[in-house]
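The values are calculated or read from the model by the stated rules, or taken from the named source; none is laboratory data. The structure displayed is predicted, hence computed values, not measured ones. Don't worry about glycine lacking a Cβ; one is built from the backbone with ideal geometry, like all the others, and counts go over all protein chains shown.
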Amino acid sequence: MEINKNTVERNQLYTDVRSGKIPKRVPINLNMDAAAALEYAGYNLNIHQFDINYLIKAIERVAEDFESDNLGVTTVRFPHFYKLLGARHFQMGSDGFLQHPEISVMEPGEYDALIEAPYKFLWDEIIPRLYKELDKPWPESSMSLAKGFSSFYVTMGKIGAAKNEICLKYGKSNLGGAFAQTDAPMDFIADLLRSFTGMSMDIRRNPEKVEAACEAVLPLMIKAGAKGTPEVRGACMIPLHMATYIKKKDFERFYWPTFKKLVEELVKTNTAVSIFMENDFTRYLDYMQELPEGCQLMAEFGDPKVFKEKLGSKFVLTGFYPLSLLKAGTLQQVKDKAKEIIDVLAPGGNYIFSLDKSLLRANDADINLYKELLNFVKEYGVY
C-alpha cells in the first residue's frame with residue numbers, strides 16, 4: 001500500500017520530537033483502550049471482543065472519527081488468550097471488562113528459589129499457578145501451551161498488520177506505539193507474584209530478600225523490553241506502579257536501583273523507552289533526571305510547570321490533561337485547560353499532547369467533548 005502523505009507528515013512530527021527538534025505543531029496522541037474502542041463502535045464486550053475482526057473494525061472506526069496523529073488504541077489484553085489458558089491474574093467481569101485482581105501466587109518462603117534461579121522458578125512454579133490450564137498433567141498442559149502460543153502469535157500478527165493498514169488508509173503515523181512492555185523489577189514481583197499487600201509486608205519483614213529478588217529478575221525485565229534493532233518504530237512501555245505508594249526511603253532502596261538499571265540497559269540496546277509515571281511522581285523528579293536523555297515520560301498527576309522545569313529539556317513530556325474534565329467539564333473549560341497545559345509544556349519542543357490516562361471504557365468521557373478537544377489542540381498547538 002502506498003504511504004499516505006498525511007502519514008509522512010505525522011511521522012515527521014514524532015521524529016522531530018524524538019530527535020530534539022521543534023516540530024511544525026504539537027503531536028497529538030489519542031488514549032483509548034481496546035474495550036473503549038469496541039464500545040464506541042457499538043459492540044458488546046461479552047460477545048464481540050472474542051473475535052479480533054470486531055476489534056479491527058472498531059479501531060478503523062476510531063481512526064476515521066478522531067483527529068489524532070497516532071492510531072491510539074491500546075491492544076495488549078485479549079480475553080480469548082486468557083480464557084484459553086485459564087488465567088487467574090486477568091479475569092472478565094460480568095460486563096465483559098478484563099480486570100487484574102489482587103492475587104498472590106508466591107509465598108514469602110519462596111524468595112530464595114526465585115533469587116537462585118528466577119527463570120526456572122517462574123517457569124516451573126509461577127506460570128502454572130497463574131494459568132490453570134498449564135497446571136494440568138502432561139500432555140494436557142503441553143497442548144494448552146501450544147494453543148496459547150499459537151493464539152498469541154496469530155492474534156498479534158493480524159492486529160499488527162491491520163493497524164498498519166489503517167494508519168496508511170487514514171493518514172495516521174505508523175511509527176508505532178509500544179512494541180513491547182516490561183516492568184520495573186519491584187513492580188513485576190508485586191504485580192504478578194506477591195501482590196501489593198504482600199510486597200508491602202515483605203519490604204518490612206524480608207528487605208534483603210526483596211532487594212536480591214529485584215536484582216535477580218532484572219535481566220528478564222531487560223530481555224522482555226529490549227529491541228536492539230536500528231529502526232525507529234515503536235517503543236518499550238514501562239508503567240510504574242508501586243513507586244508512589246511506598247515511602248521515599250523504600251523507593252531509594254528497593255525500587256530505584258533496578259528500575260534505573262533497566263532503563264539504562266534498554267537504551268543501550270537502541271530501545272526507545274516510554275515511561276508512564278502513574279499517580280503523582282513529583283517527589284521523585286530529581287531521581288528521574290538521572291535517566292538517559294530522550295526517554296518519553298507520561299505524567300498522570302502533578303504541576304506541569306514543575307515537570308517542565310525539572311525534566312523538559314532532557315525528556316519528551318506527555319500526559320497531564322485530566323480525563324475527568326472530559327466527563328464533567330464544559331467545552332470552554334476543556335479548551336481552556338488544553339491551552340493552559342500547551343502554553344506550559346510546548347515551548348522549546350519535547351512535548352506530545354495526551355490525556356493523563358487512557359479511556360478504559362467508552363463512558364469514561366463525553367466522546368463528543370474528546371473529539372472537540374483533539375480538534376482544538378490541532379489548531380492551537382502550532383509552533
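Looking at (1) surrounded by fewer than 19 Cβ atoms within 10 Å (Cβ to Cβ); (2) out of contact with any helix residue (DSSP H, G or I) (no Cβ under 6 Å at 6 or more places or on another chain), which is the one condition that is false for Ala87?
Status for Ala87: all satisfied but (1).
In the set Ser104, Ser68, which member is closer than 22 Å to Asp356 by Cβ, of a type in the set (Ser, Thr, Tyr) and in a loop (DSSP other than H, G, I, E, B)?
Ser68
Looking at region 175-185, is at least one residue touching a helix residue (DSSP H, G or I) at 6+ places or on another chain (Cβ under 6 Å) and at pLDDT below 95?
The answer is yes; a qualifying residue exists.
Go through region 277-304 and count every residue that is buried (at least 20 other Cβ atoms within 10 Å of the Cβ) and among the aromatic types (Phe, Trp, Tyr).
Result for region 277-304: 1.
Collect the residues in region 202-217 that are assigned to a helix (DSSP H, G or I) and farther than 15 Å from Asp191 by Cα, keeping them in residue-number order.
Arg204, Arg205, Pro207, Glu208, Lys209, Glu211, Ala212, Glu215, Ala216 - these are the residues of region 202-217 that are assigned to a helix (DSSP H, G or I) and farther than 15 Å from Asp191 by Cα.
Within region 84-91, identify whether any single residue is without any contact (Cβ under 8 Å) to a residue 40 or more places away in the chain, out of contact with any Ser or Thr (no Cβ under 8 Å at 6 or more places or on another chain), more than 30 Å from Ser173 (Cα to Cα) and in a loop (DSSP other than H, G, I, E, B), and answer yes or no.
Yes, there is a match, as at least one residue in region 84-91 is without any contact (Cβ under 8 Å) to a residue 40 or more places away in the chain, out of contact with any Ser or Thr (no Cβ under 8 Å at 6 or more places or on another chain), more than 30 Å from Ser173 (Cα to Cα) and in a loop (DSSP other than H, G, I, E, B).
Determine whether region 119-127 contains at least one residue that is surrounded by 19 or more Cβ atoms within 10 Å (Cβ to Cβ), in a helix (DSSP H, G or I), among the aromatic types (Phe, Trp, Tyr) and modelled with pLDDT of 95 or more.
Yes, because at least one residue in region 119-127 is surrounded by 19 or more Cβ atoms within 10 Å (Cβ to Cβ), in a helix (DSSP H, G or I), among the aromatic types (Phe, Trp, Tyr) and modelled with pLDDT of 95 or more.
Which one is nearest to the chain's Cα centre (by Cα), of the residues in region 271-292 that are assigned to a loop (DSSP other than H, G, I, E, B), of a type outside the set (A, V, I, L, M, F, W, C) and modelled with pLDDT of 95 or more?
Across region 271-292, the extreme among qualifying residues is Pro292.
Taking into account only those residues within region 337-358 that are charged (D, E, K, R) and touching a Gly at 6+ places or on another chain (Cβ under 9 Å), which is surrounded by the fewest Cβ atoms within 10 Å (Cβ to Cβ)?
By that ranking, first place goes to Lys337.
Name every residue in region 149-190 that is part of a helix (DSSP H, G or I), of a type in the set (S, T, N, Q) and under 20 Å from the mean Cα position of the chain (by Cα), in order of residue number.
Once the filter is applied, which keeps residues that are part of a helix (DSSP H, G or I), of a type in the set (S, T, N, Q) and under 20 Å from the mean Cα position of the chain (by Cα), region 149-190 yields Thr155, Asn164.
Please determine whether any residue of region 28-38 is at pLDDT 95 or above, over 18 Å from the mean Cα position of the chain (by Cα) and not in a loop (DSSP other than H, G, I, E, B).
Within region 28-38 (the criterion being at pLDDT 95 or above, over 18 Å from the mean Cα position of the chain (by Cα) and not in a loop (DSSP other than H, G, I, E, B)), the answer is yes, since at least one residue qualifies.
Looking at Ser354, Ser324, which one is over 20 Å from Asn70 (Cα atoms) and of a type in the set (Ser, Thr, Tyr)?
Exactly one residue qualifies, and that residue is Ser324.
Looking at region 319-370, which of its residues are within 29 Å of Arg18 (Cα to Cα), part of a helix (DSSP H, G or I), over 22 Å from the mean Cα position of the chain (by Cα) and not hydrophobic (A, V, I, L, M, F, W, C)?
Answer for region 319-370, where residues must be within 29 Å of Arg18 (Cα to Cα), part of a helix (DSSP H, G or I), over 22 Å from the mean Cα position of the chain (by Cα) and not hydrophobic (A, V, I, L, M, F, W, C): Lys335, Asp336, Lys337, Lys339, Glu340, Asp343.
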